[in-house]
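> Input: one structure, supplied below.
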Amino acid sequence: MTQPDVDPMDLLTPQEVTQAFRVDPTTVLRWAKEGRLRWVRTLGGHRRYFKSDVQRLLKGTA
């Protein structure tokens, strides 16, 4: 998934997401594949997840 003009401050690393939910990294990947978390690729090829999606899931409004 690519998203132009994304503010890096609105993104979280996979490690930050796993720590927020206290889940395994494969769980975060599965959620991304299911569409529960939107993501973008950095220029270096790494995934970054939208902070708003993580906050929504943490609040239980997903």
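Every read-out reported here was derived from the displayed coordinates using simple, explicitly stated rules and does not represent laboratory data. This structure is a prediction, so every number in the text was calculated from the model and none was measured. Don't worry about glycine lacking a Cβ; one is built from the backbone with ideal geometry, like all the others, and counts go over all protein chains shown.
> Tell me which trypsin sites (Lys or Arg not before Pro) from region 10-62 have a DSSP coil assignment and no more than 16 other beta carbons within 10 Å of their own. Please list the in-between numbers first.
On the way: sites: 22, 30, 33, 36, 38, 41, 47, 48, 51, 56, 59; in loops: 22, 36, 38.
Here the trypsin sites (Lys or Arg not before Pro) that fit, given the DSSP loop and packing criteria, are 22, 36, 38.
> Just add up the charged neighbours of residue 49: K/R +1, D/E -1, any other residue whose Cβ is under 14 Å from the Cβ of residue 49. Let's see the in-between values first.
Values: positive: 30, 33, 36, 38, 41, 47, 48, 51, 56; negative: 7, 10, 16, 34, 53.
With Lys, Arg at +1 and Asp, Glu at -1, the net is +4.
> Residues in region 30-62 near a label at residue 23, defined as backbone nitrogen under 14 Å from the 7 Å Cα→Cβ point?
30-39, 49-50, 53-62
> Let me spell out the model: positive unit charges on the Cβ of Lys and Arg, negative unit charges on the Cβ of Asp and Glu, origin at the Cα centre of the chain. What dipole size does that give, in debye rounded to 20? Don't skip to the answer; put the middle values down first.
Values: 11 positive and 7 negative charges, 43 e Å.
With only Lys, Arg, Asp and Glu charged at Cβ, the dipole is about 200 debye.
> One quarter of the convex hull surface, Cα atoms only: what value does that give for the chain in nm²? Mind dumping the intermediate values first?
On the way: hull surface 16.4 nm².
Averaged projected area of the chain's Cα convex hull equals 4.1 nm².
> Over the chain, calculate the relative contact order: mean separation of alpha carbon pairs under 8 Å at least 6 apart, over the residue count, as a percent. Write down the numbers at each step before the final one.
On the way: 58 pairs, mean separation 23.4, N = 62.
38 percent.
> Which residues does a label at residue 10 reach in region 24-62, if reach means a backbone N under 13 Å from a point 7 Å past the Cα toward the Cβ?
Answer for this model: 38-40, 49-54.
> Of 42, 21, 6, which is farthest on the positive side of the dipole of the chain, counting Cα position, with +1 on Lys and Arg Cβ, -1 on Asp and Glu Cβ, and the Cα centre as origin?
Highest projection toward the positive end goes to 21.
> On to the next question. Output the 0 to 90 degree angle, nearest 10, between the alpha-carbon long axis of helix 25-34 and the longest principal axis computed from the alpha carbons of the chain.
Between helix and principal axis, roughly 80 degrees.
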